[in-house]
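Q: This is the structure, below, for whatever I ask next.
A short reminder: the numbers here are calculations on the coordinates, not readings from a lab. Since we're looking at a predicted model, the values are computed, not measured. Every residue, glycine as well, gets a Cβ built from its backbone with ideal geometry; the counts of neighbours run over all protein chains shown.
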Amino acid sequence: MQENILEVNNLNMHYETLGGEVAAVKDITFHVKKGESFGLVGESGCGKTSVAMSLVQLQADNAKISSGSIKLDGQELIGLSENELRSVRWDGISIVFQGAMNAWNPVIKIGEQIREAIREHYPNNSKLQNIEKIKELFEMVGLDESIIDRFPHELSGGMKQRAVIALALSCNPKLVIADEPTTALDVVIQDQILNEIKKVQDLLGLSLIYISHDIAVIAEMTERMAVMYAGRIVESGPTKNIFSDPKHAYTRALLESTPSVVGEKVKLNSLDGEPPSLIDAEIGCSFSPRCSKPTENCKSGKSEMGLIEVANGHFADKCCVECG
Amino acid sequence: MKKNLIEVKNLEKYFETSAGLFSRKKSTIKAVDGISFEIPFGESLGLVGQSGCGKTTTARALCLLDEKTSGEINFYNTDTKNMESIDNLNEEEMKSFRRNIQMIFQDPYESLNPRWNIKDIILEPLNIHNIGSLSEREDAVVEILKTVGLTPPENYLPRYPHELSGGQRQRVSIARTLIMKPKFVVCDEPTSMLDVSIRISIMDLMLNLAKDLEVSYLYITHDLAVARYMCNRIAVMFNGKIVEIAETEELLKNPIHPYTKRLISSIPVPDPTYERVVYDIDFTELDNIISKDTENIGMVDIGNEHFVATHDVKGIL
């Protein structure tokens, strides 16, 4: 039995806006095992990044975690003080932000920026030790040592993204969250970065949460996954099972709308409509307006949302399982 | 015999750059270096390659947004029923050419004027080309909104771009493009900014419109899976040159050029049981081989209208 490195239970988070409360994360429960990669997939605005931000509690000022628990290696993270959180961030959980490659400070050398992070967490290390560490990290992600003395503008997009991954690994974190790490890159560079992440993961036995809107990338990168829709997890389980036997209508729609270069050319189905506004109170199944065959029960709002286990470790939303 | 809508021969677009503000050294970047292709009526060609390979430069040169350095672009003139070189057009003919060739841009957030409402945005091309009376123009706008699936049109006419979602904005871009009833539309990654679920509906819309309105696309993308869905033929571009061009399924099943193989093998497959084998090549090496080829590389037909560049790539195979 593998130990869980991360356990999230019934997490709720909302943003307080002038228009009302936006419930971005609703009743999220999942866990990540040690050394495993866990995928989080869904369309824009479904709450993927909000979940990631809640895990490290770096969410915007107007965001409030109203209930739930986040346990990292047994330690409860909700309710920690800012100081205690500082030691958890990067040491415990590090994160590769979306578009992080554009977040490098343009006037400071790459090596210096990574050294800053290491210095913060290991104040007793000598400068030489830190530089050795960075060289080691660069070798792992396939960057040349000389990059340490380069400025961000001297690097290509792919190189900057590799350096971001090196930065995320710099304090030996227990868990790395990669939030759309390849979205702005073209296919060949994306392929190289994905390989680099896999290699590093094998090498260090890293636990990884991989967030993406691209279900093909999730298929390749993860062992278990969760599908998010409108702030909720609607299906979760082993990646292979979800692909071979999707239970939720939204998961099926995602799978049917993804083109592929292998196999016979198939007619793809589009998923029309838009996700519901997260400000309005939820009535019944939030997916029913876009569902291809909703029952009376789904539309009337009598159905309740919540995950039930459909097979060993494979969970799906009640409403959809009952419809079949 | 298929009639060609557009023929491009040895198109070149060079940019001059200087090494620095006070440097006299000038160097030339060959962004598009002698490419040739043709698109028959009603067919779509995919132009696939990595960032910086010259896809967008080709598109801009075709739409006359940038002046080409050299080469020929021939367009089928519907009035004279002949292929005509765009270099020989007079002002009047040029206007009609521009009407027939339109472009859809990548980013629907940046390509629509935020201070104009949807009606004005779609009306603008008609005003510029002075087509029809005012009321006819307005009817045309309502009609085209229905065509692209923004119904009921009255709801959309007075709105501003920021009130629409990404998918709706891209529909507005498509409406603005198609209101001119063009024969040829250049699409520069029109779905890469959109969500997966919306992407297919936009792609389906474009495919249906192509059939109904007899439009041909030059579809630019870096994703072969998208190109496969949209195009009859695919041209693979590397560093300003087309290295392989073939019918879509033929290209995917039987890629010859190492770069094509690399591209195909780098697309993630939405199937966790599929073991993808990456065909790795040394890009610097490939670049050396191709750029050493100072004479224009030729294309050889290996059957089934499948053309491959003839430069010597044995070194990296």
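Q: If you scan the range A:197-212, which residues turn out to be surrounded by fewer than 21 Cβ atoms within 10 Å (Cβ to Cβ) and either within 12 Å of chain B (Cβ to nearest Cβ) or part of a strand (DSSP E or B) (or both)?
A: Result: A:Lys198, single match.
Q: Name the residue that is nearest to B:Lys3 (Cα to Cα), counting only residues in the range B:71-95 that are free of Cβ contacts under 8 Å to residues at least 60 places away in the same chain and within 20 Å of the chain's Cα centre (by Cα).
A: To start, the set of residues in the range B:71-95 that are free of Cβ contacts under 8 Å to residues at least 60 places away in the same chain comprises B:77, B:79-82, B:84-95.
Those left that are additionally within 20 Å of the chain's Cα centre (by Cα): B:85-86.
Values: B:Ser85: 16, B:Ile86: 18 Å.
This residue is B:Ser85.
Q: Does at least one position in the range A:256-274 carry a residue that is under 20 Å from A:Lys26 (Cβ atoms), out of contact with any strand residue (DSSP E or B) (no Cβ under 6 Å at 6 or more places or on another chain) and without any contact (Cβ under 8 Å) to a residue 40 or more places away in the chain?
A: Within the range A:256-274, one or more residues are under 20 Å from A:Lys26 (Cβ atoms), out of contact with any strand residue (DSSP E or B) (no Cβ under 6 Å at 6 or more places or on another chain) and without any contact (Cβ under 8 Å) to a residue 40 or more places away in the chain.
Yes or no, residue by residue, for (1) more than 18 Å from the chain's Cα centre (by Cα); (2) of a type in the set (Asp, Glu); (3) outside any helix (DSSP H, G or I):
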{"position": "A:Ile70", "(1), (2), (3)": "no, no, yes"}
{"position": "A:Leu85", "(1), (2), (3)": "yes, no, no"}
{"position": "A:Gly111", "(1), (2), (3)": "yes, no, no"}
{"position": "A:Ala117", "(1), (2), (3)": "yes, no, no"}
{"position": "A:Glu120", "(1), (2), (3)": "yes, yes, no"}
{"position": "A:Gln129", "(1), (2), (3)": "yes, no, no"}
{"position": "A:Ile134", "(1), (2), (3)": "yes, no, no"}
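Q: May I ask you to verify whether B:Leu21 is hydrophobic (A, V, I, L, M, F, W, C) and either within 20 Å of the chain's Cα centre (by Cα) or in a strand (DSSP E or B) (or both)?
A: Taking the combined requirement at face value, the residue does not satisfy it.
Q: Take the conditions more than 12 Å from chain A (Cβ to nearest Cβ), out of contact with any Pro (no Cβ under 9 Å at 6 or more places or on another chain), closer than 17 Å to B:Ile35 by Cα and surrounded by 24 or more Cβ atoms within 10 Å (Cβ to Cβ) and apply them to B:Ile234. Does it pass?
A: No.
Q: When the residues of the range B:255-270 are narrowed to those that are closer than 20 Å to B:Val300 by Cβ and assigned to a loop (DSSP other than H, G, I, E, B), which ends up nearest to the other protein chains (Cβ to nearest Cβ)?
A: Per the stated criteria, the residue is B:Pro255.
Q: Take A:Ile165 and decide whether it is of a type in the set (Val, Ile, Thr), more than 10 Å from chain B (Cβ to nearest Cβ), surrounded by 24 or more Cβ atoms within 10 Å (Cβ to Cβ) and more than 14 Å from the chain's Cα centre (by Cα).
A: yes
Q: Give the residue, chosen from B:Pro125, B:Pro158, B:Pro114, that is in a loop (DSSP other than H, G, I, E, B), in contact with a Lys or Arg (Cβ under 8 Å, 6 or more places away or on another chain) and in contact (Cβ under 8 Å) with a residue 24 or more places away in the chain. Steps first, please.
A: Details: B:Pro125 fails: in a loop (DSSP other than H, G, I, E, B); B:Pro114 fails: in contact with a Lys or Arg (Cβ under 8 Å, 6 or more places away or on another chain).
So the residue among B:Pro125, B:Pro158, B:Pro114 that is in a loop (DSSP other than H, G, I, E, B), in contact with a Lys or Arg (Cβ under 8 Å, 6 or more places away or on another chain) and in contact (Cβ under 8 Å) with a residue 24 or more places away in the chain is B:Pro158.
Q: While we're here: Output the residue which, of all residues in the range B:189-230 that are in a strand (DSSP E or B) and more than 14 Å from every other protein chain (Cβ to nearest Cβ), is farthest from B:Arg60 (Cα to Cα).
A: B:Ser216
Q: Can you confirm whether the range A:231-249 contains a residue that is touching a residue at least 24 places away in the same chain (Cβ under 8 Å), more than 8 Å from every other protein chain (Cβ to nearest Cβ) and closer than 22 Å to A:Met140 by Cβ?
A: The answer is no; no qualifying residue exists.
Q: Same structure, new question: Name, by its number, the condition in (1) in contact with a helix residue (DSSP H, G or I) (Cβ under 6 Å, 6 or more places away or on another chain); (2) part of a helix (DSSP H, G or I) that does not hold for A:Thr49.
A: The failed condition is (1).
Q: So how many residues does the range A:175-196 have that are aliphatic (A, V, I, L, M) and either within 10 Å of chain B (Cβ to nearest Cβ) or part of a loop (DSSP other than H, G, I, E, B) (or both)? Spell out the reasoning first.
A: Let us first name the residues in the range A:175-196 that are aliphatic (A, V, I, L, M), namely A:175-178, A:184-185, A:187-189, A:193-194.
Narrowing further to those that are either within 10 Å of chain B (Cβ to nearest Cβ) or part of a loop (DSSP other than H, G, I, E, B) (or both): A:184-185, A:187-189, A:194.
Count: 6.
Q: Can you find even one residue in the range B:238-248 that is within 12 Å of chain A (Cβ to nearest Cβ) and either at positive phi or without any contact (Cβ under 8 Å) to a residue 12 or more places away in the chain (or both)?
A: No, the range B:238-248 has no match at all.
Rundown of residues vs (1) away from chain B (no Cβ under 14 Å); (2) within 27 Å of A:Arg162 (Cα to Cα); (3) touching a strand residue (DSSP E or B) at 6+ places or on another chain (Cβ under 7 Å); (4) among the hydroxyl-bearing types (Ser, Thr, Tyr), yes/no style:
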site	(1), (2), (3), (4)
A:Phe38	no, yes, yes, no
A:Met53	yes, yes, no, no
A:Leu58	yes, yes, no, no
A:Ile70	yes, no, yes, no
A:Gly74	yes, no, no, no
A:Gly79	yes, no, no, no
A:Ser94	yes, yes, yes, yes
A:Phe97	yes, yes, yes, no
A:Pro106	yes, yes, no, no
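Q: Working only within the range A:268-314, note down all residues that are among the charged types (D, E, K, R), in a loop (DSSP other than H, G, I, E, B) and away from chain B (no Cβ under 13 Å).
A: Hits for the range A:268-314 are A:Asp280, A:Glu282, A:Lys293, A:Lys302, A:Glu304.
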